[in-house]
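Each reported figure results from applying straightforward, stated rules to the coordinates on display, with no laboratory input. This one's a predicted model, so the numbers in the text were calculated from it and none came from an experiment. Here Cβ is always computed from backbone atoms with ideal geometry, including for glycine, and neighbour counts include all displayed protein chains.
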Amino acid sequence: LPGQSSREILCGNPADPRPSSISGGRGMKALSIKQPWANMIAAGDKTIETRLWRTDHRGELLIVSAKSPRIEPAGCAIAVAKLIDCRPMTERDEIEACCHWYENAFAWILDDIRRIEPFPVRGRLGLFDVDVTSSLRDGES
């Protein structure tokens, strides 16, 4: 959202009485995504991510740009999205997924995508946890 810092998006605004979107106020589920798809998600142009595996996770998801290919901002968290559904991909998903339907694919439905100030995150396979408070301390001035 305009005027919000990465810290406010990730950790919540101290003046806002609503609870932080992060479990326990520190950790957030993250997903590494290769470029250019990570930037397309951050821009709101891609609202379905596809994977060959499903997840039961719903809620906030930190979008991390993979280090390869080396398209900036490589190796950084670049957005936060809300994962609202995960279901088998259909041909109707192709436009929002920015790819053609493929066998055994799952459509991860993303909503409320917010670009953040990039900060370094070491990517991993699968969903992984990121301690965003220490990442912000290390990545923001």
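Taking 0.36 nm per residue of separation and subtracting the Cα-Cα distance, full extension of the segment from Ala43 to Asp111 would add 23.3 nm. Legend: translational diffusion of segment 49-94 by Stokes-Einstein, Rh = Kirkwood radius over C-alpha pairs, 37 °C, 0.692 mPa s; D = 265 µm²/s. With a Förster radius of 22 Å applied to the beta-carbon distance between Arg70 and Glu96, the computed FRET efficiency rounds to 0.25. In order along segment 95-110, the Karplus-derived 3J(HN,Hα) couplings, from 6.51 cos²θ - 1.76 cosθ + 1.60 at θ = phi - 60°, round to 5, 6, 8, 6, 7, 7, 4, 9, 4, 6, 7, 10, 9, 9, 8, 9 Hz, and Gly and Pro are given as x.
Taking amide H positions as modeled 1.01 Å from N, with prolines and chain starts lacking one, the residues under 5 Å from Ile113 and 5 or more places away or on another chain are Lys82.
Using the Cβ-Cβ distance between Asp129 and Ile84 with R0 set to 25 Å, the FRET efficiency works out to roughly 0.80.
Of the peptides 74-84, 34-44, the ranking by mean beta-carbon count within 10 Å, highest at the top, reads 74-84, 34-44. The slack between Arg122 and His57, meaning 0.36 nm per residue of separation minus the straight C-alpha distance, is 21.4 nm.
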